[in-house]
1. Could you grab me the full set of residues in the stretch B:123-150 that are among the aliphatic types (A, V, I, L, M) and free of Cβ contacts under 8 Å to residues at least 60 places away in the same chain?
2. Could you say which residue among B:471, B:456, B:434 is touching a Leu at 6+ places or on another chain (Cβ under 9 Å) and more than 12 Å from chain A (Cβ to nearest Cβ)?
3. Within the stretch B:466-493, restricting attention to residues that are under 26 Å from the mean Cα position of the chain (by Cα) and of a type outside the set (A, V, I, L, M), which residue is farthest from residue B:440 (Cα to Cα)?
4. Considering each of A:397, A:388, A:410 in turn, give the residue that is over 24 Å from residue A:260 (Cβ atoms), crowded, with 16+ Cβ neighbours inside 10 Å and assigned by TED's automatic domain parsing to the domain that holds residue A:453.
5. Only residues in the stretch A:257-276 that are farther than 27 Å from residue A:358 by Cβ count as the first member; pair them with residues that are among the polar types (S, T, N, Q) and surrounded by fewer than 19 Cβ atoms within 10 Å (Cβ to Cβ), Cβ under 9 angstrom, at least 6 apart or cross-chain, and list the lot.
6. For residues that are within 14 Å of another protein chain (Cβ to nearest Cβ) and more than 16 Å from residue A:358 (Cβ to Cβ), scanning just the stretch A:238-256, find the one that is surrounded by the fewest Cβ atoms within 10 Å (Cβ to Cβ).
7. Sort through B:354, B:374 and tell me the only one that's within 12 Å of another protein chain (Cβ to nearest Cβ), buried (at least 17 other Cβ atoms within 10 Å of the Cβ) and of a type in the set (Val, Ile, Thr).
8. Looking at the structure I just gave you, is residue A:235 of a type outside the set (A, V, I, L, M), surrounded by 13 or more Cβ atoms within 10 Å (Cβ to Cβ) and closer than 19 Å to residue A:61 by Cα?
Amino acid sequence: MIQIPVRRLLSVLSIAVLSGGISSRASSLPDLWKERVKSVVAVDYFTELENERRPTTAYGVAIDTHGTVILPSAAVDPRISPKQLKDFKAYLPGDPTGFDAVYLGQDAFTGWHFVRVEPKLAAQLIPITSWAAPDKSPVPELADEVWGIGVRNKDEDFTPYLLDSHLALIQSLPQQVGIAQQEVAGPGLPVFNRDGVFIGLAASSFGQTFLQFSQADRGGTPIMLVDLEESSAFSLASEVLPYLGRVPGNVDGRPLAWLGAYGLESMDRDVANFLKLTDRSGAVVSEVLETSPAEKAGMKNGDVIVAIDGQPLPRFRPDRVVTDYVEREIERRKPGDVMGLTVLRGTETVELKATLGDEPKLIREAERKYFDRLGFTAREFVYGDAVARRVPIREAAGVVVSYVKPNSPAAAAGIEEDDWIKEIDGKAVKSFADGSAWLTAVEGDTLRTEFVLLVGRGTDTAILRVKLR
Amino acid sequence: MNLSPNRSIFAHEIGRKPGGFRYRRNAGAFRYVAGSVAERASVSLKRSVAERASVSRRYVAERASVSPGATEAQRARLSLNAKGLATFCLIAFFILLPEAVRAAGVGKGFNRLLDSVVRIDVREETFDDGGKRFDASIGSGFILSSDGLVLTNAHVVGPRAVEVTVTLPNLETVGAKLVGWDHWTDLALLRLDMADIGRRKLTFSHAEFGESEKLYPGETVYAVGTPFGLTRTVTRGIISNTNQYFEADREVDGYETGQFNTWLQTDAAINPGNSGGPLVTEDGRVVGITARGYMGANNLGFAIPASTAKGVVAELVKNGAITRSYIGIVPGALQDLEGFYALAMDTGMLINSVDPDSPGDRAGLRGGDILLAVDGRDVDGRFPEQLPAILNVIAGKPVGAHLKLSIKRGTETKQVTVVTERLESSVGEELAFDRWGLSVRKVSRMYARAHQLPNDTGVVVIGVQPGFPADIAGLLPGDIVTTINRRPVDSLEILKSAHAAYTRKPEPTLLEAERDHRISLFILKP
């Protein structure tokens, strides 16, 4: 009975605060929009492949006064080596003038790609932090107005435009993600509340299922569409602002924390209940990788991770988000950090302590060389190749075909992408240096009529003869 | 709204590449083969025939009037009622047939052959949809002996057959039982119910093998069989190729086939339903067993040579099964690689690949080795057509034999001893668990090898029934169930007893299963 007046008082107070905010609003929405567009940058670059230069455009926000810009993780294909990314240019929305920019690398935890633009452009940008709340970032309430910025394509001079919506839902995926009723900003672009306070960064949009009907298919076929230009989902400011300092020290984003628990799989409610993990969750480890921190810590294939540093894994909707949660817990740490892991092994509960390592060389970091006359690219065989082929790491040798030029001698011989070249002309390839040198010699020898490869594909091997003339 | 986590759209995973070299070339070649299942005019063929615009409507109508499994007599009755004249003509044609053939210059032997060709109606179990089902199909065959042996294709009658009905040339039907099968050569041997035949005083004639080795391209041959259920249809053509090669494939209901033989090719019209019927010379001698063809092509039919069939029949009669030896090598044609390997022409066979953990692997053989001789006998694998015969020599050695192989690697030639194992199929025993709506196949040693599994523990899910516990739990065909209630599934018995317990008292049951080598947990619950 006594509580009611208190509650009433509180609500009256909060209304006063809110209405105070509204009345003290400095500008109209168009004015707010015009100012905040100055935090937005369009970036384009080329991916240099064997047979083409593929242009890509992405949008990002300035995070400081030095011209540092963050782009969303989808801005760069993760299979591509940073060495293949060329000619970064940055643009102000609505202006076709290109400014030079440099790629700084990707942060594993946030997934952001960092780019630095030249000072001339930096001087014209306002960091996104200028629009942040001074202390704690406000969390939007259901039905609150939320708005953001969209950017058109290059042929429209990256013209910025306004998107406006209302908050529909907040979900843990596992980051706190706000979902608006309609598209609220371009992926990677900022979202604000009605007062112009930064409340989040638009994420990749969700797939939406549609039924496609046609003359031939009157029953309709379900198809999933993903809007690449605008998104209704955004990571809340609390998932953005604390991490703006994670600028990679190198383009490879090293060091990368590594546990070596491969193939994490989520579980559904029934399984969690059966394992007595009510309201909690677990992640099954499919394979403990050789020589990894997980192996050294005594983890076994099939172990179910149920807690990290004593913190039980929360239950997410959908269940599968739990694997991202575990991966982010690893990525937020550094090599050398000790990670406490509680695992279920059969009916036993086991406590493990893993000292995280640095991720072995990734495929995108592998050395590679393109042989135009032979018609393929050979790349170094790295740790991930041994994992993918399920061979012991001690058998790591040879080179992997990462590209085959159509209608080339290599293509005619039946060489395919991902083939594992084990021998060249009967000689075992021990290292990338060996393989590369031998192939260079073959390519340079214009009198050569053929060479012979022993190639592995799946569990089979085969001898392939490449005719050069 | 699909709530997928905010991950890159390029979500990168280390891809494990499936598949190998072995079936590749063939898959291309057979793209238009409706496959063995369709070939024996099974129920599913109805659909595929109807879908295939190139096949005339008449066929479909004809098929539709014949319910699979109907006996010849029923069929005649049915048809007479339904469409009198057409069927009357058909029967008249059958009766007049020998006469017509005689007119074409074919003699007594041919008539005797016609009196030995049978239609085979099969009802078999299938486990594809998460439960036990029955499937009906029609094929051809011919009687081999006066004591009622009938030869047909393995893809017509196999161990899954539960009811086999043979229609004799005089239109009487009689039951038959499987004596044995050999999916590697796509042959199966049946025995007619002789007691019934004796009681009913039925008579029949039997066919005789000819010499398929003496065939020449251009020689006239006839195919006799039951295409699309049209009993005792004779078609005529020539031998197009006496020694056609296909890479081994899985055209016998998913079982391996074709490693050990080449094929006779003919342009005599062969259609679905011809399978198991004889390919004969003008004197009525059986030179091949028609087995496959290219659908949609013009008269490209293939038959297993009598020379292969004779040996298989002899051993099936004796032992009910064929035992072969396995060392795990995958051959390749050496064609034009002789220079590279410094070999004389027509010498040696290339080993393209060695199965992991096979006898060959354990003996240290590897891809790129050249096999020069087996137990002192030189081999010549210059051309693909020569490879099945070489593999057949190895397969013919006793299980456990110590083979002396001459192997050339680089400039060295050495003797390697390989101890043979019994050749096994990769297709394990199948079973359905009704209450779970789950059908499975035991992981075999060969399956485990091919899929890089550590051992043969587990069962492969081959079907789930919509709405049943296995489906609701999220199991999919191809998943490998490795444990149930934390007990390793090292035999089907483990699952049988768990299913029996579940049937008595349905309680949540925990399964661990692998999908593309990723482990997930599943609950089967009532």
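The values are calculated or read from the model by the stated rules, or taken from the named source; none is laboratory data. All figures in this text were calculated on a predicted structure; none of them were measured in a lab. Using ideal geometry, Cβ is built from the backbone for each residue, glycine included, and neighbour counts are taken over all protein chains shown.
1. B:150
2. From the options B:471, B:456, B:434, the qualifying one is B:471.
3. B:491
4. Exactly one residue qualifies, and that residue is A:410.
5. From residues that are farther than 27 Å from residue A:358 by Cβ, the pairs are A:272/A:278.
6. The selected residue is A:243.
7. B:354
8. yes
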